[in-house]
Structure formats: C-alpha cells, structure tokens
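The values are calculated or read from the model by the stated rules, or taken from the named source; none is laboratory data. Just so we're clear, the structure is a prediction, and the values are computed from it rather than from any experiment. So basically every Cβ, Gly included, is an ideal-geometry build from the backbone, and we count neighbours across all protein chains shown.
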Amino acid sequence: MNMSRNFVSTCSILLLILVGCDCQTGTSLTEPKLTAVIPLNSTALSVSWEFASSQLDQSDLIRVTIDFYEFFTNYGSNLTSRNYVFTPSNRTITSIVENFQYVNIFYYVCFSSNSTSTSISNFLYLRTCRLVRTCSRANPSICPQNGFTIATPSTITSNSFIITVHWLNNLPYIRDATIVKLAGNGATGTPLASSTNSTYTSLPFQFTGLQSQTSYTVDIFGNFTLFGSSLTNMTSLSVTTSRSSNLVYTGNIASFVLWSVLLSWLFS
Ligand SMILES: *[C@@H]1O[C@H](CO)[C@@H](O)[C@H](O)[C@H]1NC(C)=O
Ligand SMILES: *[C@@H]1O[C@H](CO)[C@@H](O)[C@H](O)[C@H]1NC(C)=O
Ligand SMILES: *[C@@H]1O[C@H](CO)[C@@H](O)[C@H](O)[C@H]1NC(C)=O
Ligand SMILES: *[C@@H]1O[C@H](CO)[C@@H](O)[C@H](O)[C@H]1NC(C)=O
Ligand SMILES: *[C@@H]1O[C@H](CO)[C@@H](O)[C@H](O)[C@H]1NC(C)=O
C-alpha cells in the first residue's frame, strides 16, 4: 500500500517536471537532424537523419523535404525533390537511398523539416544542406569529396613555397574569397598571377621568410556561393621546406650533393 502510494507520487512528480519543462521552454516542437549524406557508388546517395526523443517532442506532423540539386561541368542544374510526412508512429524511417542517372556528379542536398502540432500555433522549420559528389564509375571506392578546389604545393625552397588553389570551372557557383594561411601564425600567402585553362582557374599564393627543413601546415579556405548559400571548402596541406642552401633545392639529394662539391671546388 505504502509502496504503491510512493510509486504514484513519484510518477506525479516526474509528470510535473516534464510538463513544467515544456511550459518553461514554451515549446515542445523539435526538428529531425540531418546526420549524413553519403555517396554509395557512382550514381546513388544515402541520406540519414534522426528524430528527437518522443519524450521531448509533441509534434503531430513533421513534413520533410529533401532537395537534390544535381550539377556538373557545363551541365545546368536539375532539381529532384522528395517529400515525406512523419507521424509519431512512423518515425522509425530515418534514411533513404536515391539513385540517379549520371555518374560521378555533384549534388547539393538540402534537408528541410516543418514540425507542427494541432495544440500549438507555431511551427518549427529548419533547412540544412550538404555538398557531395558521387563516386567514380571505374573505381567506385573513390568518391571525391574535395568540393570545387584542389590545392597543390610547388617551388619548395629552404625558405619559401607556393600553394596553388585550383578551382573547377563551369560549375554553377560564384567564387568568393580564397584564403591560404599557415596554421601556426596565421600568416597569409601573397597572391601571384592567376591562370585559367579549360578545367581550372589556378590561384597561386607564395610564402616567404620560412625556416629550412621545417614542416608547415597550410590551411586553405575556398569561399563560394552556391544556390544562394555562402559556403566554405576547407582543406589542409603539410609542406616541408628544403635544407638550408644558397641553391634552390631540386628535390633530389644526389644532385644537391654534386652541386655542393662543385661549388667548393670552384671557390677553393
Ligand atoms: C548504386 O547503388 C544503388 C542503390 O544501392 C543501386 O540501385 C544502383 O544500381 C547502384 N549503381 C551502380 C552503378 O552500381
Ligand atoms: C507515415 O504515416 C502517415 C499516416 O499514416 C502517412 O501519411 C505517411 O506517408 C507515412 N510516412 C512515411 C514516410 O511512410
Ligand atoms: C509549416 O507548416 C505550417 C502548417 O502547415 C505552415 O503554415 C507553414 O507555412 C509551414 N512553414 C514553412 C516554412 O514551410
Ligand atoms: C570565408 O569563409 C569563412 C568561413 O565561413 C569566414 O570565416 C571568412 O570570413 C570568409 N572570408 C571572406 C574573406 O569572405
Ligand atoms: C589545367 O591546369 C591544371 C593545373 O595547372 C593542370 O593540372 C591540367 O592538366 C590543365 N588541364 C588542361 C586541360 O590543360
């Protein structure tokens, strides 16, 4: 008897706390969260999300729209939209697989949700997007996820190097800032003359006054606007300067030694 009365009052307290929490925050609508957009092979993507715990959420309906903006070099964008309605009883569906026609192509995937309840006049709307690319046809394990930029080091000497950021051309984005900086002190590279060919617009950045035989981490930020959203492609590179010398290091120890010998002979 005592035990069961205790049990009932504990339950009432828990219930009060739960109701109290809802009253305090003023809302009990939650949104599902996009967890992953993964290229499965050369044509298919999987999109996964998770719902908030049903103890927190009082939505009757959650409407989800998944927009796939498909695009590639010299090929205009194409939009595929999928709509889903979730009730509290079928929130067990938390992923879909979408298969497309083209191979190794870019997708800007936007996941939006609108949570509503008959007892609450507000709605909760959120939209989250990801940029991905499907895998190559020849080697389906290679799914390039470097976005629109590739960075390459060149002209490495004992106190300088050049990092070139190559932006893929003829895609429906607007190129904004390109920032290349050293991870340690944040020093930015000096921009040199850019060049363009049919595939890339290449922007070189030079770093000088560096220490010899030192490994530098370079952070590369490629800012761009895609379908109205401002996005950043961030990558890091590790570059090691050559050993100290009056000569430009050619990347070949043998020839470096040969030149040192010749020089000491000339000046002796
Ligand atoms: C890629 O995966 C999807 C989904 O599993 C499948 O329907 C499709 O046939 C696959 N495509 C290729 C080219 O393997
Ligand atoms: C969930 O259930 C509702 C009501 O039965 C239905 O209209 C909706 O299509 C279902 N959603 C999914 C994703 O199966
Ligand atoms: C969300 O759903 C509510 C109720 O149907 C609607 O009034 C509102 O316009 C929707 N919001 C958005 C951003 O779609
Ligand atoms: C580039 O994008 C980053 C990250 O969003 C931002 O912090 C930075 O201010 C942007 N730089 C410029 C010059 O727009
Ligand atoms: C364009 O330039 C890049 C970087 O310099 C180079 O790797 C690529 O081979 C060039 N492509 C063409 C088609 O010339």
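Residues that are surrounded by 15 or more Cβ atoms within 10 Å (Cβ to Cβ) and outside any loop (DSSP other than H, G, I, E, B) were ranked within the stretch 236-248; the one that is farthest from ligand 5 (Cβ to nearest atom) is V239.
If you check L34 against the conditions, is it under 21 Å from L171 (Cβ atoms) and part of a strand (DSSP E or B)? Judged against the criteria, L34 is not a match. In summary, Y108 fulfils each of the numbered conditions (1) within 16 Å of ligand 1 (Cβ to nearest atom); (2) under 30 Å from V180 (Cβ atoms) with the single exception of condition (1). Among the residues of the stretch 88-100, those that are modelled with pLDDT under 95 and of a type in the set (S, T, N, Q) comprise S89, N90, T92.
Filter the stretch 184-237 down to the residues that are of a type outside the set (A, V, I, L, M, F, W, C) and at positive phi, then identify the one that is nearest to ligand 2 (Cβ to nearest atom). Filtering first and then ranking leaves G228. Of all the listed residues (I179, I96, I174), the sole one being assigned to a strand (DSSP E or B), of a type in the set (V, I, T), within 16 Å of ligand 2 (Cβ to nearest atom) and within 21 Å of the chain's Cα centre (by Cα) is I96. Of all residues in the stretch 205-235, those satisfying the criterion of being away from ligand 3 (no atom under 16 Å from the Cβ) and either in a loop (DSSP other than H, G, I, E, B) or in contact with a His (Cβ under 7 Å, 6 or more places away or on another chain) (or both) are T208, G209, L210, Q211, S212, Q213, T214, F227.
Might you check whether a residue that is closer than 20 Å to S230 by Cα and in contact (Cβ under 8 Å) with a residue 12 or more places away in the chain occurs anywhere in the stretch 81-94? No; the residues of the stretch 81-94 include none that is closer than 20 Å to S230 by Cα and in contact (Cβ under 8 Å) with a residue 12 or more places away in the chain. Selection of the stretch 183-204 for residues being part of a loop (DSSP other than H, G, I, E, B) and small (G, A, S) yields A183, G184, G186, A187, G189, A193, S194, S198.
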